[in-house]
Each structure stands twice: as structure tokens, then as C-alpha cells.
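Each remark here refers to the structure printed beneath this line.
The values are calculated or read from the model by the stated rules, or taken from the named source; none is laboratory data. No experiment lies behind these values; they were computed from the predicted model shown. Neighbour counts are summed over all protein chains in view; Cβ atoms, including those assigned to glycine, are modelled from backbone coordinates with ideal geometry.
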Amino acid sequence: MEGESDVYTMTDLEQVKVLADPLRVRILEALCGHDRTTKQVAEVLGEKPTRLYHHVEALERVGLIRLVDTRQVRGTVEKYYSAIAKMFRADPRLFQTADETGATDAIGEVVDTMMSQTTRDLQRLIDSGHDLSGNDDAVLSYIELRGTEEDLREVRDTVMSLLEQVERNCCREDLPEDARRFRLTLALFPLDP
């Protein structure tokens, strides 16, 4: 998609709030790298188009998707949208000022959406008969890290470096349409305030 960047950092709290809705996250994913109408997105997601229109409008209003084309078809105008990037991040400064800006609830809702979507995706995979035990396809880990400030800073730097490498390798434009899709959900945060 022309004009689409790889990573977009959200600095606006309204953008974060819009993504607190799991359906909006799914719509955004369906528009990453694809120009689609709301009806086409509905088909991809297995939803009714009428359920998506106000969500698409909300994503466009905050600038996470944009109108890229319109086509006249049998007396109606089809609007094609695309995500403005392939991946989205929240600016860490939104977390630093959460109490001052009232962002705490919005950030909590987005985290809940991310974790709930991960749970649903894993459950759907298991329900489909996929065996995750001993499978080279999946990694599931939940650990508590302990270390000095320097140790933990090194872990954070390693994680960020790994994420950048994954983004470079797995979010290229030259990947085939039928490339395998994986979800990576990652949270690294201090347990002691």
C-alpha cells in the first residue's frame, strides 16, 4: 500500500481509547496492508457490515485508517480504507502521564483488549485441534524477572532489539499474500511500583 509506513507511534490518547474496543483492533488488522471496503472487512472478519460502519468511522476520525479510494458501483459509492501503518505502538510517555491525563482507564482497556484477543486466538487454535504441547510453532511463557536495574535495563534493550528485528523480517511488503500469520503479544513491566 502506497504511503503506508511500517510502524506508527500513537501519541494521542484518543487513538489509544479507540483501540480499547476489540472489534476495532480486528478491523485495523484487516486493513493493515490491504485497501478494503467496510463490506470486505466484514467478510474477512465474519461480521455484518452494519456492525462495522461506526467503528470504521471512529478509526478514520482519529487517523489510524484513511480513505484511499472511492469507486462508483451501481449507483453507490464504495469507500476503500487502509491502515496508516502495518504496526501500531503507544508512545511510552502516555504511560508516564496517565494519572494527569486520565489515560489510566484507557490504557487498562487497551491492555485488556490485547490480552483478551490473545486468549481468544489461542483458544480458537486449541479448539481447532492444534496441539501446542511440544509444537515448534508456538511459544507461551510467563515469568517473573529479578535483577539489578542494570540487568533489567539490559533485558528491556534486548526485547526492544528483538522486536525491531521481528518487525524488519516479518512485516515486509514483499511477503506473499498467503504468508503464515502469527500473533506476538508481549508485556514487560515492573511488578514493584
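L45 falls short on exactly one of the conditions (1) under 22 Å from E14 (Cα atoms); (2) without any contact (Cβ under 8 Å) to a residue 40 or more places away in the chain; (3) in contact with a Leu (Cβ under 8 Å, 6 or more places away or on another chain); (4) not aromatic (F, W, Y), and that condition is (1). Listed by position, the strands (runs of 3 or more DSSP E) enclosed by the stretch 55-164 that each have at least 3 residues that are at pLDDT 90 or above, touching a strand residue (DSSP E or B) at 6+ places or on another chain (Cβ under 6 Å) and not hydroxyl-bearing (S, T, Y) are 65-73, 76-83. Pairing residues of the stretch 176-190 that are in a loop (DSSP other than H, G, I, E, B) with residues that are charged (D, E, K, R), at Cβ distances under 6 Å and at least 6 apart in sequence or on separate chains, gives R183/D121. Within the stretch 30-54, the set of residues being among the acidic types (D, E) and part of a loop (DSSP other than H, G, I, E, B) comprises D35, E47. Remark: pairs (first residue in the stretch 5-19, within 21 Å of D112 (Cβ to Cβ) and among the charged types (D, E, K, R); second residue surrounded by fewer than 18 Cβ atoms within 10 Å (Cβ to Cβ) and modelled with pLDDT under 90; Cβ separation under 8 Å; 6+ apart in sequence or on different chains) = K17/E109. Annotation: of all residues in the stretch 165-177 being surrounded by 11 or more Cβ atoms within 10 Å (Cβ to Cβ) and among the charged types (D, E, K, R), the one that is farthest from F88 (Cα to Cα) is R172.
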